[in-house]
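Data block below; observations after.
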Amino acid sequence: MKLHTLKPAEGSVKNNKRLGRGQGSGGSTAGRGHKGAQSRSGYSKKFGFEGGQMPLQRRIPKFGFKNNNKIYFKAINLDALEDLAQKTKTPAITLQVMIDNGIVGKKDSVKILGRGELKSKVSVEAHAFSTTATKAIENVGGTATTVK
């Protein structure tokens, strides 16, 4: 076997049918059938079009409500704060410390919740606190500061 003798397997390579290129190209309609929008140039079907049948997005009823003013908080529990305090050994857990350690994203609003136990005396910064979390932080001698 030599490089100049190599060729693909029999039947594996086909030439595409060149439609709309004159007499010998397979009829006058070029594979588009007769008449109708789909036979015309420039035809493009609308997204979700079902041939005139009522499309799915219009058959199904609308429901629910999306409140554009609701603030969605990223919930952080006390046990996660305790782990972070042990890891970083800082007296203050700010939003920047949480972002740097990958607990929250830059654009997240953070709420501290009261699950778990906090043993370290730390001052915590967040956008919101639950009452149990605030009590738990203050019981160990820390402070809970709300940030805007």
Every residue in region 81-96 that is surrounded by fewer than 17 Cβ atoms within 10 Å (Cβ to Cβ) and in a helix (DSSP H, G or I), please. 83, 86, 87, 88, 96
Got a sec? Which of 112, 103 is in contact with a helix residue (DSSP H, G or I) (Cβ under 9 Å, 6 or more places away or on another chain), of a type in the set (A, V, I, L, M, F, W, C) and part of a loop (DSSP other than H, G, I, E, B)? 103
Counting only residues that are free of Cβ contacts under 8 Å to residues at least 24 places away in the same chain, of a type in the set (A, V, I, L, M, F, W, C) and assigned to a strand (DSSP E or B), how many does region 134-148 have? 0
Pairs needed: first member in region 68-93, on the phi < 0 side of the Ramachandran plot; second member anywhere, exposed (fewer than 15 other Cβ atoms within 10 Å of the Cβ) and part of a helix (DSSP H, G or I); C-beta distance under 9 Å; at least 6 residues apart or different chains. 78/132; 88/100
So which residues in region 114-133 are without any contact (Cβ under 8 Å) to a residue 40 or more places away in the chain, in contact with a strand residue (DSSP E or B) (Cβ under 6 Å, 6 or more places away or on another chain) and surrounded by fewer than 18 Cβ atoms within 10 Å (Cβ to Cβ)? 115, 116, 123, 130
Residue in region 1-41 that is surrounded by the fewest Cβ atoms within 10 Å (Cβ to Cβ), counting only those that are aliphatic (A, V, I, L, M) and not in a loop (DSSP other than H, G, I, E, B): 3
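Read-outs throughout are calculated quantities, based only on the coordinates presented, and are distinct from any laboratory measurement. Remember, predicted model here, so these are calculated numbers, not experimental data. With ideal geometry, Cβ positions are generated from the backbone for all residues, glycine too; neighbour counts draw on all protein chains shown.
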